[in-house]
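For reference, the structure discussed in these notes is given below.
Read-outs throughout are calculated quantities, based only on the coordinates presented, and are distinct from any laboratory measurement. For clarity, every value in this text was computed on a predicted model and none was experimentally measured. Cβ: placed from backbone, ideal geometry, glycine included. Neighbour counts: every protein chain shown.
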């Protein structure tokens, strides 16, 4: 049972009746629901809670953190961002969704601008699987089709993914690396593109499959925490 | 429960009393034993069986194939090699051990010579973990130490691994990329260096942990089999 | 001055008046011309020459081999393929164009099926640059647009490129990894997608820029040839 | 002619007579000298100059920035670090040497802690080439041997390099990924391990070859600067 914390900025939901109608329990509520149904131990946290709901206790009890933000990236406290970064390097998984590409935490972990092209034009997105062996693609067909989504287009200013899983085709003529896996320290990161707030994307079964798969993929694993700093020799030096 | 077939050339065991003493049930027997204890459904197959024990039925019922060979790479039938390659591209995991670096199947899947430096000198090997987030390293400390092993040294003529997990230090002055993960088609491959026949390496607990982890990592996953060939358009062409 | 050999199957040019009209000197002739204008020392070779024009002397005097084939992959002699592979591992660059994805040499070096989706429907291709720092993209804008090309679609069954430079958008709804760089041994390989024989693609200035850049990128470089095989220790073993 | 700026903290040289004796013109002076001899247009800059010698004019006129720092990483102004990061994303090459692994600029571009093991014990380092096709290894033998160097050991907390070129062996029993290439935005980064201030490492011919090669490798290339932000469709949307 993986301990998941779904973090959402939760601002569009307060301001925009369209978003409210689509996601009456918030985007975090919609995501938490299907992750719970998949058998995970799921909590949510939002920007306006104290410490954004990401206290040390919460972070230390999180295996995988899901991140959705857009309007208020700048309001996320730098100290919290530093703590999340450290937790990722220590082994916590991080699933960054859609406009989270511009979040402080994603930019900090990538080291690049994470900038891209974008357009809101009710256009079709077709997400092709370019690595059919990847666990995040488990159970999918050859592509995911979303009738209406926001467009994100290349160049997407990220480090080349350690594993590129999805590439999107957009009706308006662009492509996008929309499923990107990274190892950082003892942690894993996955970026998944879709999920504009004015579309019911997180109710799409294939999108739910990807997010559910990603949670399993991102759960902590690996060797013991590395030891850093001054180190005694393991072999005699200059003994010859 | 993962269906594992442990394939062994099983020739040193027939010829060399030292090897026979260390591995009375063969290298395949020793590996099968701890994989069974880990809860997998394990079978073995050897070179001198009809079709090397790798009939279509066996291959089709194998999730992960473990491969140990050395003396008799050339005696492996090309047709069997082709079938194993196809099964990997179709999703079967392949764990290549030690001198399997020069097997027909590994060379075919890598596309390179897979050549390296080597030396038998009873020397110490220390296998460092360079990707502590990788599932194959799960439960290990910072390194694995083997008091006596054969040396394999760089340059190792392989494609850069999709994920480099281990790097070996050798007493005699060399290094080696000794844990290498690859995606090929719908399948995954892992190469793990240690395991010279005259040392009891496969009884080492850490080595057993790596091989057990690798079997889980290599088990089939991912999206449906891609469709290749002529394709109808999904969108109208030239309609504007 | 880089020594380039442009190899072409040169069969469509013999059979199909459309191709003959577009490429009166053959596809190899068209490519050789702009590479010569770029200052390289260019020769051509074709399937129907003795040893396909790829004698040992020719190969040993080639820095970068350009490969175009389609109809007659099977007629290429396995022995020549083996020699080309060895030359690549020894440092020769290899630029594989379009339908060369299914050539014996490319499949051998990749270790996968190299299969894909395809369609001839006079459709638009837009080749996006996803790694703007790569020398093969030097001097290009954000994308290359080809009004009419054959479609190649994912899943493209190749190893994940060591460097993914281009991703294509197709009018009919597909995407494709259309610029892929690989290191193999001491050599480098670049696969570049466009160039169906019934379109004047190799006269497109951007396509010519890519091919010209690729030749420079693929020219031999790097350290001395590695030494393989039995190796004396560089440090005392067991001396403690 | 590549415009190189060699940046050095230049503090050990002020404090430590041993360092002063080895590098009477500073580490920057020693590096600048052989880069000038290689035909580049070389300037130097140091921490205690106004704006650390890295004014906008200097940065805008730098193709490749070489970085050596150790004692005073924290004294480097965050604003300058941000400017250097932006210049790298815009295409400037960055060569990070030795203890620069802990510089603000390297950590910012990597997104990880960049931590490692270390030891000062006058021990032998042997730097093996694991990618003999890489331009940074041009002209080298199979390895570089340094009689006495500081040890850096794994785990090195960096993103997996886009290209791993060197792996070090240390007498005391450790290994280290000591030559790491990265693409970030339109820029390239190379990390090269050796160069502790109390050893004459930068006078070693092989080390000089690597640094000289790296400067050529890191020089700006690639496509035009990508355009980010809101984008008009290139194809009609919803026209069917």
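Inverting the pair-averaged 1/r between distinct Cα atoms of the stretch A:55-170 gives 15.8 Å as its Kirkwood hydrodynamic radius.
Considering every residue in D:139-151, what mean count of other chain Cβ atoms within 10 Å of its Cβ is obtained?
Neighbouring Cβ atoms belonging to other protein chains average 3 per residue here.
Between residue C:48 and residue C:216, the FRET efficiency from the beta-carbon distance, with R0 = 22 Å, is close to 0.15.
The packing ranking of peptides C:130-142, B:10-22, highest mean first, is C:130-142, B:10-22, where packing means the average number of other beta carbon atoms within 10 angstrom of each residue.
For the stretch D:160-211, the spread of Cα positions along the three principal axes, ordered from largest to smallest, is 35, 26, 17 Å.
Summarising the strand pairing of chain A, around 60 percent of its internal DSSP beta bridges are antiparallel. Among D:93, D:173, D:187, the largest mean-square fluctuation in a Gaussian network model of chain D, built with springs joining Cα atoms closer than 10 Å, belongs to D:173.
Summarising the overall dimensions of chain C from its C-alpha atoms, the Rg and Dmax are 18.7, 77 angstrom.
Volume per residue for the stretch C:34-123 equals 124 cubic angstrom (convex hull of Cα atoms). Measure nothing but the geometry: give the 0 to 90° angle between the long axis through the Cα atoms of C:26-37 and the longest principal axis through the Cα atoms of chain C, rounded to 10°. Once rounded, one gets 70 degrees. Kirkwood radius, the stretch A:90-134, all distinct C-alpha pairs, inverse of mean reciprocal distance: 13.3 Å. The share of C-alpha pairs in the stretch B:1-45 whose separation exceeds 15 Å stands at 41 percent. Taking every Cα-Cα distance in the stretch A:104-240 and sorting them into 10 Å bins starting at zero, the pair-distance distribution P(r) comes out as 11, 36, 31, 10, 7, 4, 2, 0 percent.
Axis of helix C:78-89 versus longest Cα principal axis of chain C: the two differ by about 70°, to the nearest ten degrees.
With everything on Cα atoms, drop me the angle between helix B:205-218 and the longest principal axis of chain B, reported from 0 to 90° to the nearest 10. That works out to roughly 10 degrees. All distinct Cα pairs of the protein assembly as shown go into the 1/r average, and the inverse of that average, the Kirkwood radius, is 29.0 Å. Largest GNM mean-square fluctuation among B:72, B:214, B:30, using chain B with Cα springs under 10 Å: B:72. Computing Rg and the Kirkwood Rh from the Cα coordinates of the stretch A:181-231 gives a ratio, Rg/Rh, of 1.19. Considering the stretch D:134-183 at the alpha-carbon level, its Rg and Dmax are found to be 11.7, 32 Å. Taking 0.36 nm per residue of separation and subtracting the current Cα-Cα distance, fully stretching the chain between residue D:147 and residue D:21 would add 43.5 nm. For a paramagnetic label modelled on residue B:75 (point 7 Å from Cα along Cα→Cβ), amide N atoms under 11 Å away belong, within the stretch B:17-51, to B:47-49.
For the stretch B:195-231 versus the stretch C:70-102, the inter-centroid distance based on Cα atoms is 31 Å.
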